[in-house]
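The block underneath contains the structure these notes are about, expressed in structure tokens.
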Amino acid sequence: MAENEPLPLLLLNGPNLNTLGLREPEIYGSTTLAEVVRDCERLAAELGFGLRAAQTNSEGEMIDWLHEARGQVSGIIINAGAWTHTSIALADALRIPEVPVIEVHISNVHQREEFRHHSYISPLAVGVIVGLGVNGYEYAVRFLADHLSPSTED
Ligand code: DQA
């Protein structure tokens, strides 16, 4: 057992993602955000990480959380919803914790409207997962746990 627990992962969801499961299920599926969070918590725990999860429809609140995350989390998974395509302020805030960021989109934004093709977050993200449904969140947890774990030294 490692003596030093790693800092938790932070899973953030932006506007309208609280309605997952209800909202346009043909695009976003029928899984709820509570189910996504539960599955990610379980997986993170199996991989030796805690996971904090939060969703907000308020951009300022998300920015405040990112300020508070500095020194408190080891990596960030974010589905910023429509702010992805609009918010320089959020992209700036994502740089503040100075930890790896994985950008997740449930739908394949590149097959959708032109305005969804640009992301202010992608340039600062270690990686981007798009179009793999809600499973993308768990893939992000797996990647970060692997990326953050010290190679094989014990
Ligand atoms: C989304 C894609 C965004 O364009 C959209 O505004 C969302 C959800 C996705 O997960 O596919 O709210 O981030």
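Laboratory data are not the source of any read-out in this text; all were calculated from the coordinates shown. Since this is a predicted model, take the numbers as computed values, not measurements. All Cβ positions, even for glycine, are placed from backbone atoms using ideal geometry, and neighbour counts span all protein chains on display.
So if I check each of 80, 53, 91, which one is in contact (Cβ under 8 Å) with a residue 12 or more places away in the chain, farther than 23 Å from residue 6 by Cβ and touching an Asp or Glu at 6+ places or on another chain (Cβ under 8 Å)?
Criteria check complete, one pass: 80.
Which of the residues belonging to the stretch 48-73 are among the small types (Gly, Ala, Ser) and either surrounded by fewer than 21 Cβ atoms within 10 Å (Cβ to Cβ) or touching a Cys at 6+ places or on another chain (Cβ under 6 Å) (or both)?
Residues satisfying the conditions are 48, 50, 53, 54, 58, 60, 71.
Hey, does the stretch 137-148 have a residue that's more than 15 Å from the ligand (Cβ to nearest atom), of a type in the set (Val, Ile, Thr), closer than 26 Å to residue 24 by Cβ and buried (at least 17 other Cβ atoms within 10 Å of the Cβ)?
Yes; the residues of the stretch 137-148 include at least one that is more than 15 Å from the ligand (Cβ to nearest atom), of a type in the set (Val, Ile, Thr), closer than 26 Å to residue 24 by Cβ and buried (at least 17 other Cβ atoms within 10 Å of the Cβ).
Tell me the residue from 17, 9 that is within 15 Å of residue 136 (Cβ to Cβ), of a type in the set (A, V, I, L, M), in contact with a Leu (Cβ under 8 Å, 6 or more places away or on another chain) and away from the ligand (no atom under 15 Å from the Cβ), please.
Checking each option against the conditions leaves just 9.
Is the stretch 62-74 home to any residue that is touching a helix residue (DSSP H, G or I) at 6+ places or on another chain (Cβ under 9 Å), among the basic types (Lys, Arg) and away from the ligand (no atom under 16 Å from the Cβ)?
The answer is no, given that none of the residues of the stretch 62-74 is touching a helix residue (DSSP H, G or I) at 6+ places or on another chain (Cβ under 9 Å), among the basic types (Lys, Arg) and away from the ligand (no atom under 16 Å from the Cβ).
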